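Participant: The structure is given below, and queries will be raised subsequently.
The values are calculated or read from the model by the stated rules, or taken from the named source; none is laboratory data. Here the structure is a predicted model, which means the values were calculated and not measured. Cβ: placed from backbone, ideal geometry, glycine included. Neighbour counts: every protein chain shown.
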Amino acid sequence: MVQVLIVTVASGKGGTGKTTVAVNLALSLGKVSLLDCDVEEPNAHLLLQPTRIVSRDVERLVPAINEALCTLCSKCVQFCRFNALFLGRDKVFVYENICRSCGGCSVVCPPTAIEEIRRTIGRLHIGRVGDMRLVSGELNVGETVANTLIKAVKSEIDQDSVNILDAPPGTACPVIETMRGSDYVILVTEPTPFGAYDLSLTVDVVERLGMSCGVVINRSTIGSDVVKELCQKRGIPILLEIPFERRIAELYSRGVPFTSTMSEWVPKFRRMYDDIKEAVSASG
């Protein structure tokens, strides 16, 4: 029986090779689910070219004001900490793009002048790449709240297989939403002062969430030892080092995952996954 495991691949900044690691790990393991939670800029499908794609809209609830019932008491405006509601001279304005869909405004409204209506925020795509299942979310242009779509992507986690989650870059709410519930977090970085600084921020987030993590150093043959020194200082294992190699870069520029032609890397990714399984078993 395949061990059910949820592994998030994250990074403190964009451009470190996070999606490259997620895609090549998934290809090396074979029968897994890869969930692209970077819903503002999903790109795993560009490397994998999935087939048999099924798509559906993803919606969230936003408030609508019944002006005939509204008394302009401003309780909804006072309640909303995200300033999605504004009391004008003769009406309450709703800024749907920044609403977090908590529903609190409709609860505190004395005359029950607020109802929640559905708003389409993006699309969910599910396809196949051989034995792999690829799930990705695509946030509509102009939408600013990604968490609802990320939750929709994560609702497709397969309880009968390994799940690899490709997180958005950075350390903001969408990253935390992606990491939440994972068994392990792979942090992808590069051996530069900027890479080390952003890595330290992401490690802080992972530790605050009480999760285990390890590091993959991409383009490891350039830069300095600053990342290795940080990992040693904070007791973080280095899971894998991917060198700055022309052939890997050329394959990526053509949209080809390097494990598909450089077969010597497949056992390296599999060993990394075995190390992750051992770490999860030891911690749990």
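Participant: Taking interchain pairs and intrachain pairs at least six residues apart, which have beta carbon atoms under 8 angstrom, with the first residue in segment 108-128 and within 30 Å of Lys91 (Cα to Cα) and in contact (Cβ under 8 Å) with a residue 40 or more places away in the chain and the second hydrophobic (A, V, I, L, M, F, W, C) and part of a helix (DSSP H, G or I)?
Facilitator: Ile114/Cys76; Ile114/Cys105; Ile121/Leu149; Gly122/Leu149
Participant: Would it be correct to say that Glu177 is assigned by TED's automatic domain parsing to the domain that holds Pro42, outside any loop (DSSP other than H, G, I, E, B) and surrounded by fewer than 16 Cβ atoms within 10 Å (Cβ to Cβ)?
Facilitator: Considered against the rule, which asks whether it is assigned by TED's automatic domain parsing to the domain that holds Pro42, outside any loop (DSSP other than H, G, I, E, B) and surrounded by fewer than 16 Cβ atoms within 10 Å (Cβ to Cβ), Glu177 comes out as no.
Residue-by-condition table, conditions (1) modelled with pLDDT of 95 or more; (2) closer than 23 Å to Asn24 by Cα; (3) crowded, with 18+ Cβ neighbours inside 10 Å; (4) out of contact with any Leu (no Cβ under 7 Å at 6 or more places or on another chain):
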site	(1), (2), (3), (4)
Leu201	yes, no, no, yes
Val205	yes, no, yes, yes
Cys213	yes, yes, yes, no
Ser224	no, no, no, yes
Gln232	yes, no, no, yes
Pro237	yes, yes, no, yes
Pro243	yes, yes, no, yes
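Participant: Just to be sure before I move on: is Ile164 in a strand (DSSP E or B) and either surrounded by fewer than 15 Cβ atoms within 10 Å (Cβ to Cβ) or not assigned by TED's automatic domain parsing to the domain that holds Asn43 (or both) in the structure I sent?
Facilitator: no
Participant: When you go through (1) within 14 Å of Arg60 (Cβ to Cβ); (2) touching a Ser or Thr at 6+ places or on another chain (Cβ under 6 Å) one by one for Ala167, which number turns out not to apply?
Facilitator: With respect to (1) within 14 Å of Arg60 (Cβ to Cβ); (2) touching a Ser or Thr at 6+ places or on another chain (Cβ under 6 Å), Ala167 is out only on (1).
Participant: Could you grab me the full set of residues in segment 110-121 that are more than 11 Å from Pro63 (Cα to Cα), surrounded by 12 or more Cβ atoms within 10 Å (Cβ to Cβ) and at pLDDT 95 or above?
Facilitator: Scanning segment 110-121 gives a single hit, Ile121.
Participant: While we're on this one: So is Glu245 under 21 Å from Thr20 (Cβ atoms) and of a type in the set (Asp, Glu) or not? Give the derivation first.
Facilitator: Working: under 21 Å from Thr20 (Cβ atoms): yes; of a type in the set (Asp, Glu): yes.
Answer is yes for this residue.
Participant: Looking at Arg100 and the list (1) assigned by TED's automatic domain parsing to the domain that holds Ser161; (2) of a type outside the set (Phe, Trp, Tyr); (3) in contact with a Phe, Trp or Tyr (Cβ under 7 Å, 6 or more places away or on another chain), which single condition is not satisfied?
Facilitator: The failed condition is (1).
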